[in-house]
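Q: Once you've had a glance at the structure underneath, I'll fire off some questions.
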Amino acid sequence: MPYRVLLSLLLYTCIQADDLDFEGFENEDVIVIEEHIKPESWYTFSGYLSFLSAYNYNQSSQNAAAPGDKVMDFSGLSRAKTKLNLSLDMKHSDIWQSRLEVMSWYDASWAIKGRDNYTNDVLDSYEYFADIKDAYVLGTLCKSIDIKLGRQIVIWGKSDSIRITDVINPLDIREPGMVDIKDLRLSETMSKLNYYFDDYALSIILIHESRLAIEPAFGSDYRPRNVFGPTSPDSFFPDVYQPSWNINNTQFALSLDARFEGWDISVYAAKVLNSRFSIKNNGSNNTNLRNYEMIYMTGLSTSIVNGSWLYKAEAAYITDIDYRSVQDNKNRLDALIGLDYAGFSKTTLSFELANKHVFDYEDIMLEDTLSQTPPIFPDFEREDTLQIALRGNYLFDHDNASVNYLLSMFGSKDFKFEDGGFQRFWLEYKYNDDVSLNAGVVDYIGGNAEVPFYNAIKNNDRVFAEILYHF
């Protein structure tokens, strides 16, 4: 009986408590707080402003010059470059988007050292530059097909430091060795169609713009007047023949990518402009022009992940290469093996070795000199050219800073690397979300002058520093 009384009291108390909890609130207005979420913008604007300075500490104050040409000074201050990069990303719908990225820079070092002391070719190449880096529309046509139209960059292959199958976009090589390949590619106007099925992706590319590589100006510190042998006058180096936009100059490319667990493989085919020039006679006034012929490339690349190791390989068979010193076009096989190791904390090490073999080789391709065939320009091409690239990267300060090193060397198949190369050591530091810095030194390594290109620029060693403000 007492338990029944106690239970009744507990039930009565709970009911009364519920009544008390709600008494006095039944007639009050309920205030509903609505959180207004700002809709996501359909566009994103970003960019950065940077200033780069470089000092050449090993260059002579008098560059080699033919009689009557200007003696130019490339020592000391070599860059005082202000750069502006602007990007606009737009999302038009769930399946369509576009991007516009433009860049411009001005180098005040030429004005500081006196513009009248340099040729127009040097100033035109190094004083000012503007470029449309991206200008494309990307959309989905159906579940398995998308399309990308406009100026863009397409990257083929696995290598970070050596180009084997990466033949689509030309490079800005005005200052070789100063930055990585990923920062040298020049966008081209093209139409790209991607078809996805299972673990595969098929890409069909039509390249409408016949854009050429941007090379060092003749007479500059990166293409001195004696780079081909005896010192040549400025007027001797031919101008560039610029291909027009037409159906005959349309380049095309095709790739098939397959990605599986732990490894991938890609197969490529392309008809593109060669990156090395031949000589074309301009019949209208009987002058020579630098001409870039079409080549055909078929190739493949693969990479395999095994724990802390990444193994990679590439091969490209290139046909119809027009070498300047011989009558018949040649074919070449380029091959690369490499590996990356990330087993150490915060550290990545990379090794890449490539060989480029010319079929039906003729000795004159290496032995020919400018004095023997002055209008043609020698090739300085070996039957087998080896290139090695060693790279290291270490992250610290909560991944806000990194120390980096790159060594790139060239030579014969004897592994002597007698043609020279360069090494670069640099530090990158993210101060905050808006400001970053990088600084380093580039050391150019001269060769034995049989292949003279790096030997001609061996005194271009320089220190550099750059500060960037991102917005």
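Q: Restricted to the range 431-471, and to residues that are of a type in the set (Phe, Trp, Tyr) and in contact (Cβ under 8 Å) with a residue 40 or more places away in the chain, which residue is nearest to GLN59 (Cα to Cα)? Steps first, answer last, please.
A: Quick first cut of the range 431-471, residues of a type in the set (Phe, Trp, Tyr) only: 431, 444, 453-454, 464, 469, 471.
Restricting the remaining residues to those that are in contact (Cβ under 8 Å) with a residue 40 or more places away in the chain gives 444, 453-454, 464, 469, 471.
On the way: TYR444: 11, PHE453: 16, TYR454: 14, PHE464: 15, TYR469: 31, PHE471: 37 Å.
Ranking the qualifying residues of the range 431-471, first place goes to TYR444.
Q: Go through the range 290-333 and give me each residue that's polar (S, T, N, Q), loosely packed, with under 15 Cβ neighbours inside 10 Å and closer than 30 Å to THR348 by Cα.
A: ASN306, SER308
Q: Next up: Condition test on ALA253, is it closer than 20 Å to ASP334 by Cβ and part of a strand (DSSP E or B)?
A: yes
Q: So, LEU310, is that one hydrophobic (A, V, I, L, M, F, W, C) and touching a residue at least 40 places away in the same chain (Cβ under 8 Å) or not?
A: Numbers: hydrophobic (A, V, I, L, M, F, W, C): yes; touching a residue at least 40 places away in the same chain (Cβ under 8 Å): no.
The answer is no for LEU310.
Q: Moving to a separate point now. Here are some residues: ASN355, ASN404, ASN432, ASN460. Which one is modelled with pLDDT of 95 or more, farther than 26 Å from ALA315 by Cβ, surrounded by fewer than 17 Cβ atoms within 10 Å (Cβ to Cβ) and not small (Gly, Ala, Ser)?
A: Of ASN355, ASN404, ASN432, ASN460, the one residue that is modelled with pLDDT of 95 or more, farther than 26 Å from ALA315 by Cβ, surrounded by fewer than 17 Cβ atoms within 10 Å (Cβ to Cβ) and not small (Gly, Ala, Ser) is ASN432.
Q: What strands (runs of 3 or more DSSP E), lying completely within the range 336-423, carry at least 1 residues that are over 24 Å from the mean Cα position of the chain (by Cα), of a type in the set (Lys, Arg) and closer than 30 Å to ASP234 by Cβ?
A: none
Q: Would you pick out the residues in the range 156-194 that are more than 20 Å from ASN393 (Cα to Cα) and acidic (Asp, Glu)?
A: Passing the criteria: ASP166, ASP172, GLU175, GLU188.
Q: Condition first: touching a residue at least 40 places away in the same chain (Cβ under 8 Å), among the charged types (D, E, K, R), closer than 30 Å to LYS158 by Cβ and exposed (fewer than 15 other Cβ atoms within 10 Å of the Cβ). Now tell me which residues in the range 239-289 satisfy that.
A: Answer for the range 239-289, where residues must be touching a residue at least 40 places away in the same chain (Cβ under 8 Å), among the charged types (D, E, K, R), closer than 30 Å to LYS158 by Cβ and exposed (fewer than 15 other Cβ atoms within 10 Å of the Cβ): just ARG259.
Q: In addition: Of the residues that sit in the range 87-133 and are touching a residue at least 60 places away in the same chain (Cβ under 8 Å) and more than 21 Å from the chain's Cα centre (by Cα), which one is surrounded by the fewest Cβ atoms within 10 Å (Cβ to Cβ)?
A: ASP124
Q: Any residue at all in the range 380-399 that is buried (at least 19 other Cβ atoms within 10 Å of the Cβ) and modelled with pLDDT under 95?
A: Yes - at least one qualifying residue is present in the range 380-399.
Q: Is one or more of the residues making up the range 211-227 farther than 23 Å from GLU127 by Cα and buried (at least 18 other Cβ atoms within 10 Å of the Cβ)? Show your work before the answer.
A: First, pick out the residues of the range 211-227 that are farther than 23 Å from GLU127 by Cα: none.
No, because not a single residue in the range 211-227 is farther than 23 Å from GLU127 by Cα and buried (at least 18 other Cβ atoms within 10 Å of the Cβ).
The values are calculated or read from the model by the stated rules, or taken from the named source; none is laboratory data. Note that the structure is a prediction, hence the values are computed from the model and not measured. Neighbour counts run over all protein chains shown; Cβ positions are idealised from the backbone, glycine included.
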